[in-house]
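K.L.:
The structure that follows is given in the form of C-alpha cells.
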Amino acid sequence: MENNKQRCENCINFRKVVMIGCGFVGAASAFSLMESGLFTEMVMIDANRERAEGEALDISHGVPFARPMKIYAGDYDDIEGASLIIITAGANQQPGETRLDLVKKNVEIFKSIIPEISKRNFNGIMLIVSNPVDILTYTALKLSGLPKNRVIGSGTVLDTARLKYEIGKHLDVDSRSVQAFIIGEHGDSEIAAWSCANVAGIALSDFCEMRGHYDDHDKANQRIALDVKNSAYEIISKKKATYYGIAMSVKRICEAIVRDEKSVLPVSSLMCGEYGLEDVVLSMPSVVGKNGLEAHVPISLSQEEIEKLHDSADTLKGILKQNGL
C-alpha cells in the first residue's frame, strides 16, 4: 500500500499547474501564478483555443521579469502529471445577477469538463474557482469520483480577505494582524464569524475600544459584514467583473498546497458531520497542504452563528436539489 502511494506521489510534478478557463479570472490567476514563482510549467486550456494561446503568449512575455516558466495553450491530454488543476471556466456573473443564478449554465459546462479530466491520469488536487463555487465544487466532486480532500473550492478565502481589509480600515491597523473568517456559502448567505474574530489575539470589541471606537460594536459589525457581502456586486456594477482579488486568493491557496504549508484557509469542501452538516459543500477554516484539505478547524461559534450556518447549508442544498445534484 505504501509503495503504491509512493509511486502515485512520484508521478506528480508539483511544479506543474493547469488552468482551465482563460477568461478574466483565469487569465488574472495565471498572471498571478506566473509572478509567484511557484510553478515551472503552466498549461492553459479554454473552449476558445485562440484565447488560450493569446493569454499564454501575453503572460509568457513577463517571464524575463519573474522566474523561468513554460506557459502554453494545451488540451486535456496535457494535464497528466500536474499537481493542480484550477477550473475558472464558466459564464460570468452579470450586473444584478447572484452567484446562484449561474447554476444551470455552469453545471452544464462542468458536465463537459470534469469527465474529460477523469479520462486522464490525474493524481493531484482539483481547485474550483468558478461560481457558484460551493455548488460547482460539489458537482466536480460527484462527477470526478476523486477523494473529498482532493476537490476543494476557493470558497470564502476572498470574502475573508475582504473582511480583514474592512476591519483593518475601520480600526486603522494592518489587516494582516486581523484574525477573522467568513464562513458558509460564498454568496448572499455567508456569515461573518464575529465570535472568534480578534486582532493580534485581542478580542475585537476590546481592540475597537483601544482604537477609540466606543460606539455600538454590533452596528459596526453589521455594516462591515454587509459591505463585504455586497463588494462583488459593487465591483461588477462598476467594471463588469471581479478578477484581481480572486486571482490573489488562487495564488494563496496554491502556495499552501505546493509548499505543503498546512495553512488554515476557509476553502470550500464537503462537510461530513461537522457542526451537524452532511452532504453539502461550503466554507469553513481548514488545514490546507499538499494533500489538499487535511482537516476542518473547529472554531468557536455562537449559537446564532451555528443557526445561520445551517441556514446557509439549507440554501445550498435547496439549489442542489432543484438541479438534480
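K.L.:
If we only count helices (runs of 4 or more DSSP H) wholly inside segment 180-284, which ones have 2 or more residues that are within 18 Å of Asp159 (Cα to Cα)?
P.N.:
Where helices (runs of 4 or more DSSP H) fall fully within segment 180-284 and carry at least 2 residues being within 18 Å of Asp159 (Cα to Cα), they are 217-239, 244-258.
K.L.:
Moving to a separate point now. Would you please list the contacts, defined by Cβ atoms under 7 Å and residues six or more apart or on different chains, that run from a residue in segment 203-225 that is within 12 Å of Ala192 (Cα to Cα) to a residue that is of a type in the set (Phe, Trp, Tyr)?
P.N.:
Here the result reads Asn221/Trp194, each pair linking segment 203-225 to a residue that is of a type in the set (Phe, Trp, Tyr).
K.L.:
Out of the residues in segment 99-145 meeting the condition of being of a type in the set (Phe, Trp, Tyr) and part of a helix (DSSP H, G or I), tell me which one is surrounded by the fewest Cβ atoms within 10 Å (Cβ to Cβ).
P.N.:
Ranking the qualifying residues of segment 99-145, first place goes to Phe110.
K.L.:
Of all the residues that make up segment 298-325, how many are modelled with pLDDT under 90, polar (S, T, N, Q) and in a helix (DSSP H, G or I)?
P.N.:
1
K.L.:
Please go through segment 272-324 and pick out each residue that is under 22 Å from Lys111 (Cα atoms) and either more than 21 Å from the chain's Cα centre (by Cα) or free of Cβ contacts under 8 Å to residues at least 60 places away in the same chain (or both).
P.N.:
Asp279, Lys317, Gly318, Lys321, Gln322, Asn323, Gly324
K.L.:
Tally time: how many residues in segment 37-79 are in contact (Cβ under 8 Å) with a residue 24 or more places away in the chain and not in a helix (DSSP H, G or I)?
P.N.:
Total meeting the criteria: 23.
K.L.:
Of the residues Asp218, Asp206, Asp134, Asp227, which is of a type outside the set (Gly, Ala, Ser), within 13 Å of the chain's Cα centre (by Cα) and under 27 Å from Glu307 (Cβ atoms)?
P.N.:
Answer to the selection: Asp134.
The values are calculated or read from the model by the stated rules, or taken from the named source; none is laboratory data. Bear in mind the structure is a predicted one, so any value in this text is a computation, not a measurement. A quick note on method: Cβ atoms are made from the backbone with ideal geometry, for glycine too, and the neighbour counts reach across all protein chains shown.
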